[in-house]
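Visitor: Here you go, one structure.
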Amino acid sequence: MPELPEVEVVKRSLENNINDLVIKKVIINTNKLRYIINKKKLKEVVGRKITSITRRSKYLLIHFDKNISLIVHLGMTGKFLILNKKKKLEKTSFYYKLNSKDTKHDHIVFNFENNVKLIYNDVRKFGFIKLIKTNDINSSNHIQFLGPEPFSKKFNLTYFLKYIRNKKKTVKDLLMDQKFVSGLGNIYVNEVLYLSKIDPKRKSFRITTIEIKKIISFIRQILKKSIKDGGSSIKDFSDGGGRSGVFQQNFKVYNKEGDKCFTKNCKEFIKKTSISNRSTFYCRRCQK
DNA sequence: TTCTTTGTTCCGGA
DNA sequence: GTCCGGAACAAAGA
């Protein structure tokens, strides 16, 4: 599930593989992903050259010359594949498993010069790719309401304290809220609260200063590590069968229901519950 | 057939 | 008005 680190990893591999290239052709195999696709508009990228690739929260932004950009959200299962001129798969996509079934979900193919292809594959079709004027990105509905990036200076103790005043929602829902901090999803929020030893059901306004410091610190720590491991999963990526990203093996609570708690000397088992209709994993003994 | 998955939005109720 | 959270939605696989 692509959250900030996975999107960052994808961003970096796109940067390494398709920056500076000119699009020759776009093949669109579906009428809709998350939204109806405006095929004619999307094809305006033909003839345009990629000038840079950036990320905001979980959005990928591919910038072209002539004030054109693509805004991309990977949804649940969106991924990019790059084929180079030798038809060889580039080491680009995190936890991508190669098998014949997957090609039927190749929804959009961008052809570049030199026979380089960028393929957008998405089993669930909850992701999207939209053409947008570069100047309009920051005022777009997707971007304008996003809270600060977790690594930004703005996301600090003072901001946190001010924001949670009178906030009655659970600390888990708070961290999931993209208006508060952008880029975290269910998986990393579960992990962060476990590392911070905080019960996910606690009310936000009851979180102490010391706990806030832990939360901020662990968010940055785990995101950084996952980006690094995503990088290493790319390094290990093999086109004969694929391989899951190392970061998935680093989860301590997510999807670990019934496993023994990771904390030393804790004999408790990881519990699963639901908060705001989202799977929530925690240790009853360690998280207070 | 039903349940699950996620991010996002919508809406009723507090 | 504002906030909260449950439900709905998208598609497909188990």
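The values are calculated or read from the model by the stated rules, or taken from the named source; none is laboratory data. What you see is a predicted model, and the numbers here were worked out from it, not measured in a lab. Note: ideal-geometry Cβ built from the backbone for every residue, glycine included; neighbour counts use all protein chains shown.
Visitor: Mind telling me which of the residues A:K256, A:K252, A:K272 ends up being assigned to a strand (DSSP E or B), charged (D, E, K, R) and under 15 Å from A:P200 (Cβ atoms)?
Guide: A:K272
Visitor: Output the residues belonging to the range A:30-54 that are buried (at least 19 other Cβ atoms within 10 Å of the Cβ) and part of a strand (DSSP E or B).
Guide: Within the range A:30-54, A:I50, A:I53 meet the criteria.
Visitor: Only residues in the range A:191-220 that are among the basic types (K, R) count as the first member; pair them with residues that are in a loop (DSSP other than H, G, I, E, B) and more than 16 Å from DNA strand B (Cβ to nearest atom), Cβ under 8 angstrom, at least 6 apart or cross-chain, and list the lot.
Guide: Once the first residue is among the basic types (K, R) and sits in the range A:191-220, its partners that are in a loop (DSSP other than H, G, I, E, B) and more than 16 Å from DNA strand B (Cβ to nearest atom) give A:K197/A:C286; A:K197/A:Q287; A:K197/A:K288; A:K214/A:S196; A:K214/A:K197; A:K214/A:I198; A:R220/A:F151.
Visitor: Could you tell me which residue of the range A:261-285 is farthest from DNA strand B (Cβ to nearest atom), considering only residues that are crowded, with 19+ Cβ neighbours inside 10 Å and under 13 Å from A:I198 (Cα atoms)? First the steps, then the outcome.
Guide: Kept after step one, since they are crowded, with 19+ Cβ neighbours inside 10 Å, are these residues of the range A:261-285: A:261, A:270, A:275, A:280-283.
Checking the rest, the ones that are also under 13 Å from A:I198 (Cα atoms) come to A:280-283.
Values: A:T280: 9, A:F281: 10, A:Y282: 14, A:C283: 18 Å.
Within the range A:261-285, the match that is farthest from DNA strand B (Cβ to nearest atom) is A:C283.
Visitor: Taking the range A:139-167, which residues are assigned to a loop (DSSP other than H, G, I, E, B), modelled with pLDDT of 90 or more and either loosely packed, with under 12 Cβ neighbours inside 10 Å or away from DNA strand B (no atom under 14 Å from the Cβ) (or both)?
Guide: Hits for the range A:139-167 are A:P148, A:F151, A:S152, A:K153, A:K154, A:F155, A:N156.
Visitor: Can you pull out every residue in the range A:59-85 that is of a type in the set (D, E, K, R) and part of a strand (DSSP E or B)?
Guide: Once the filter is applied, which keeps residues that are of a type in the set (D, E, K, R) and part of a strand (DSSP E or B), the range A:59-85 yields only A:K79.
Visitor: Please work out which residue is modelled with the lowest pLDDT, limiting yourself to the range A:1-29 and to residues that are within 23 Å of the chain's Cα centre (by Cα) and in a loop (DSSP other than H, G, I, E, B).
Guide: A:M1
Visitor: Looking at the range A:112-133, which of its residues are among the polar types (S, T, N, Q) and surrounded by fewer than 17 Cβ atoms within 10 Å (Cβ to Cβ)?
Guide: Result: A:N114, A:N115.
Visitor: Tally time: how many residues in the range A:275-288 are over 18 Å from A:K214 (Cβ atoms) and in a loop (DSSP other than H, G, I, E, B)?
Guide: Within the range A:275-288, residues that are over 18 Å from A:K214 (Cβ atoms) and in a loop (DSSP other than H, G, I, E, B) number 3.
Visitor: Another question about this same structure. May I ask you to list the residues in the range A:10-33 that are under 15 Å from A:K117 (Cβ atoms) and touching a Phe, Trp or Tyr at 6+ places or on another chain (Cβ under 9 Å)?
Guide: Answer for the range A:10-33, where residues must be under 15 Å from A:K117 (Cβ atoms) and touching a Phe, Trp or Tyr at 6+ places or on another chain (Cβ under 9 Å): A:S13, A:L14, A:I18, A:L21, A:V22, A:I23, A:K24, A:K25, A:V26, A:I27.
Visitor: I'm trying to understand the selection: among the residues of the range A:145-183, which are within 10 Å of DNA strand C (Cβ to nearest atom), among the basic types (K, R) and without any contact (Cβ under 8 Å) to a residue 40 or more places away in the chain?
Guide: Hits for the range A:145-183 are A:K167, A:K168, A:K169, A:K179.
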